[in-house]
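The values are calculated or read from the model by the stated rules, or taken from the named source; none is laboratory data. Computed from a predicted structure; not experimentally measured. So basically every Cβ, Gly included, is an ideal-geometry build from the backbone, and we count neighbours across all protein chains shown. Quick note on the areas: whole protein, heavy atoms, side chains included, nothing else; ligands and nucleic acids left out. Shrake-Rupley method; radii C 1.70, N 1.55, O 1.52, S 1.80 Å.
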Amino acid sequence: MATKRLVLTFPEKIVTKPITYRLVKDFDIQFNILRAEITADIEGKILLELKGDKDKIEAGINYLLSEGITIQDASKDIIIDKEKCVNCGLCPSLCITKALIINRQSYELVFEKNKCILCGFCENCCPVNAIKLKI
Amino acid sequence: MNKTIEEINGKIRNGEAVILNAEEIIGYVAEHGIKKTAKNVDVVTTATFGPMCSSGAFLNFGHSDPPIRMTKTWLNDVPAYSGIAAVDAYIGATELSESEGMAYGGAHVIQDLIDKKPVKLRATSYGTDCYPRREIETFITIENLNQAYLFNPRNAYQNYAAATNSSKKTIYTYMGKLMPNMGNVTYSSAGQLSPLLNDPYCRTIGIGTRIFLAGAEGYVAWHGTQHNPQRQRLANGTPSGPAATIAVIGDLKKMSTKYLRAATFYNYGVSLYVGIGIPIPVIDEEMVEFLSVKDEDIYTEIFDYSVQRRNKPSYGKVNYGQLRSGNVELRGEKVLTGCLSSYKTALEIADVLKSWIIKKSFYLTNPVCQLPSEQKVNVLNVLSEDEL
Ligand code: SF4
Ligand code: SF4
């Protein structure tokens with residue numbers, strides 16, 4: 001039994017339902033959608049955790065690729081270096097899931113990890129280099 | 001009731017002065033009214049902490065033996081300007097390292113100096129009879145420099161534009177990363193805390209005004225470059241775009257990297273976060289009206305930074321209350337907003353300045369001279385000599 005976390009980026013037109021259904025039915029993979037974000041105009045992204053036989057996961061991934069879905073390995077993490085952060089509030093403007101926000105009372109940057117879909121948009125925006133994408 | 005600076009300083013000396021920060025004054029005025037506030041409150045501390053590219057430091061290295069008249073100078077591979085006297089140099093914040101590019105620049109050199117880190121000094125010269133040495137390579141720290149003072153030609157902009165990007169691709173600007181199809185809006189002002197927005201006509205801020213500069217005492221040296229006081233203003237005195245600016249000076253040896261931080265804007269370049277705090281004396285009721293300004297009353301304009309021209313198309317005006325809420329409406333859609341300047345650090349600076357005044361280690365000053373109130377900004381046209 002293997003576990004894999006992936007970020008799938010798919011064009012708007014693709015409907016997620018039949019795809020995830022096939023993952024279960026044809027490849028015997030259990031999956032858990034940790035986070036999904038579909039924005040009009042921009043592509044959709046989902047953070048998926050797959051559990052199943054290693055070869056079957058492999059085959060499942062190949063199937064997803066054949067459907068025109070982009071796949072990123074998401075065994076990574078966004079890490080905010082609190083020491084470096086100056087709480088400017090620039091990164092929240094790149095975070096569509098609002099995992100990064102400036103708290104209205106403390107004026108401090110708050111990072112809610114469970115909302116992060118690891119899209120990576122915020123990674124190169126920080127002027128003081130406080131955001132790291134860790135693998 | 002009108003007060004002079006001398007009277008206010010007397011109150012500070014006696015421990016009687018009432019000092020609020022520029023956020024606290026808003027609620028105070030709402031509760032007590034203009035008249036009472038003018039009577040009761042003596043000083044309001046304002047502040048800002050944002051990237052200010054027009055910054056740098058003058059350094060004097062002392063003479064080597066045999067001496068050199070430095071003509072080209074590098075600090076940690078970042079070129080410094082030494083077309084002044086033999087061992088003087090100016091390290092500009094935005095200058096890039098010749099070996100590391102945008103990852104390290106003049107701002108980082110300044111930060112490393114303040115942190116007392118060793119910095120590699122390299123200089124070359126053509127050699128003269130009195131300065132025979134032609135090159136030097138050595139290490140310095142801020143402690144063995146004769147002088148090191150920050151001298152920033154343009155800081156603390158009275159308001160600034162907001163930015164968006166209507167193009168199909170992500171662009172990287174000095175306003176930060178701008179997502180395609182107007183995916184975000186960025187802005188850079190401390191708004192209601194900002195010094196020059198609290199004294200919009202610079203009645204109390206002028207040449208010689210003592211200020212908080214990056215953790216140390218500093219001074220307003222001059223009006224800043226591109227100072228544009230005649231910009232159109234709202235009834236509360238605030239302009240809806242970049243207007244007045246100040247040039248500031250202070251001792252780098254006493255500064256702290258908590259309030260002076262190097263920044264790199266990806267694919268754009270290096271800048272320096274500068275922390276500035278200015279105490280505004282509550283001299284009369286008019287001053288209270290200015291000081292009570294809040295984010296909702298200060299407007300800026302959103303410009304399209306994908307248009308690579310001096311004049312960019314505008315997407316209309318918004319106030320800082322809207323910007324700070326996290327999103328604004330742009331062509332009927334909610335768009336995420338992001339700020340380049342740190343409100344939190346600005347508030348912290350306003351409170352540090354307040355504590356200095358309470359501790360009687362900082363007194364207010366009368367400006368030696370007012371900043372010019374009539375001046376406009378010229379543009380650079382490409383002309384031949386006869387066309388001038
Ligand atoms: S952009 Fe960087 S410094 Fe600014 S709030 Fe985000 S992590 Fe902090
Ligand atoms: S990677 Fe960054 S921008 Fe993307 S969801 Fe996570 S925190 Fe937000």
**Study point:** Qualifying aspartates and glutamates (Cα of each under 17 Å from Cα of A:LYS84; at least 8 residues distant if same chain)
**Key:** A:GLU108, A:GLU123, B:ASP112, B:ASP115, B:GLU348
Practice item. Could you run the Karplus curve 6.51 cos²θ - 1.76 cosθ + 1.60 with θ = phi - 60° over the range B:231-242 and give me ³J(HN,Hα) per residue in whole Hz, x for Gly and Pro? Key: 4, 4, 10, 7, 4, 7, x, 7, x, 9, x, x
Review point. Going by a ≥ b ≥ c, the root eigenvalues of the Cα gyration tensor, does chain B fall in the rounded group (a/c under 1.5), the prolate group (a/b larger than b/c) or the oblate group?
Key: oblate
Check your understanding: Accessible area per residue, 1.4 Å probe, Å², for the protein assembly as shown: what's the number?
Key -> 46
Study note, to complete from the structure: Interchain or sequence-distant (5+) residues whose placed amide H lies within less than 5 Å of the amide H of B:ALA22 are B:THR45
**Study point:** Cα gyration tensor category, rounded, prolate or oblate, for the range A:78-133 with a/c compared to 1.5
**Key:** oblate
Review point. Trypsin sites (Lys or Arg not before Pro), restricted to the range B:300-388: which are DSSP loop and have at most 15 other Cβ atoms within 10 Å?
Key: B:ARG309, B:ARG310, B:ARG331, B:LYS359, B:LYS360, B:LYS376
Point to revise | 3J(HN,Hα) from dihedral phi, the range B:9-21, Karplus parametrisation 6.51/-1.76/1.60, rounded to Hz, x for glycine, proline | key: 5, x, 5, 4, 4, 7, x, 10, 5, 9, 10, 10, 8
Review point. From the Cα gyration tensor of the range B:81-239, with a ≥ b ≥ c the square roots of its eigenvalues, which class applies: rounded if a/c is under 1.5, or else prolate if a/b is larger than b/c, or else oblate?
Key: oblate
Review point. Within the set A:LYS132/B:LYS344; B:LYS39/B:LYS360; B:LYS258/B:LYS334, which residue pairs have Cα atoms separated by over 25 Å?
Key: B:LYS258/B:LYS334
Exercise for review: Starting from the Cα of A:LYS54, draw a straight line to each of the lysines and keep only those under 21 Å, dropping any in the same chain fewer than 8 residues away.
Suggested key: A:LYS4, A:LYS25, A:LYS76
Check your understanding: Using modelled backbone amide H atoms (1.01 Å from N, in-plane), which distant-in-sequence or interchain residues come within less than 5 Å of B:SER189's amide H?
Key -> B:LEU340, B:SER341
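Counting only helical runs of four or more DSSP H residues, what would the 222 nm mean residue ellipticity of chain B come to if each run contributes -39,500 (n - 2.57) and the total is spread over all its residues?
Details: 7 runs with 67 residues, N = 388.
It lands at -5000 deg cm²/dmol.
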Study note, to complete from the structure: Note, the range B:261-276: 3J(HN,Hα) by Karplus (6.51, -1.76, 1.60, θ = phi - 60°), whole Hz, Gly/Pro = x, goes 10, 6, 9, 10, 8, 3, 6, 10, x, 9, 9, 10, 6, 10, x, 10
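Taking trypsin sites (Lys or Arg not before Pro) that fall in a DSSP loop and have at most 15 other Cβ atoms within 10 Å as cut points, what is the longest piece of chain A between them?
Details: sites that count: A:LYS13, A:LYS76, A:LYS82, A:LYS84, A:LYS98, A:ARG104.
Longest stretch, sites excluded: A:14-75.
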Review point. Roughly speaking, what is the centre-to-centre gap between the range B:212-271 and the range B:22-66 when only Cα atoms are used, to the nearest Å?
Key: 10
Check your understanding: What residues in the range A:119-134 lose 50 Å² or more of accessible surface when the other protein chains are added to their chain alone (1.4 Å probe)?
Key -> A:ASN124, A:PRO127
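Run the numbers on chain B and let me know its relative contact order in percent, using alpha-carbon pairs under 8 Å that are six or more apart.
This gives 24 percent for chain B.
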**Study point:** Loop-exposed GluC sites (Glu not before Pro) per DSSP, neighbour cap 10 Cβ within 10 angstrom, longest uninterrupted part of chain B
**Key:** B:17-373
**Study point:** Residue-averaged beta-carbon neighbours from other chains (10 angstrom radius) around B:326-338
**Key:** 3
Review point. What is the interface area between chains B and A, defined as buried accessible area summed over both chains with a 1.4 Å probe, reported in Å² to the nearest 100?
Key: 2000
Study note, to complete from the structure: The set of residues whose placed amide H lies less than 5 Å from the amide H of B:GLY224, leaving out same-chain residues fewer than 5 positions away, is B:THR245, B:ILE246, B:ALA247
Check your understanding: Where is the GNM fluctuation largest for chain A (alpha-carbon springs, 10 angstrom cutoff): A:GLY68, A:GLY120, A:GLY60?
Key -> A:GLY68
Review point. Expressed as a whole number of Å, what is the distance separating the alpha-carbon centroids of the range B:120-188 and the range A:61-106?
Key: 28
Exercise for review: Pick out, in residue order, every one of the chymotrypsin sites (Phe, Trp or Tyr not before Pro) in the range B:32-141 that is DSSP loop and has at most 12 other C-beta atoms within 10 Å; say none if there are none.
Suggested key: B:TYR126
**Study point:** Relative contact order (percent, whole number), the range B:62-145, Cα cutoff 8 Å, 6+ residue spacing
**Key:** 32
Practice item. May I ask you to list the aspartates and glutamates whose Cα is less than 17 Å away from that of B:LYS312, ignoring any residue fewer than eight positions away on the same chain? Key: B:GLU301, B:ASP304
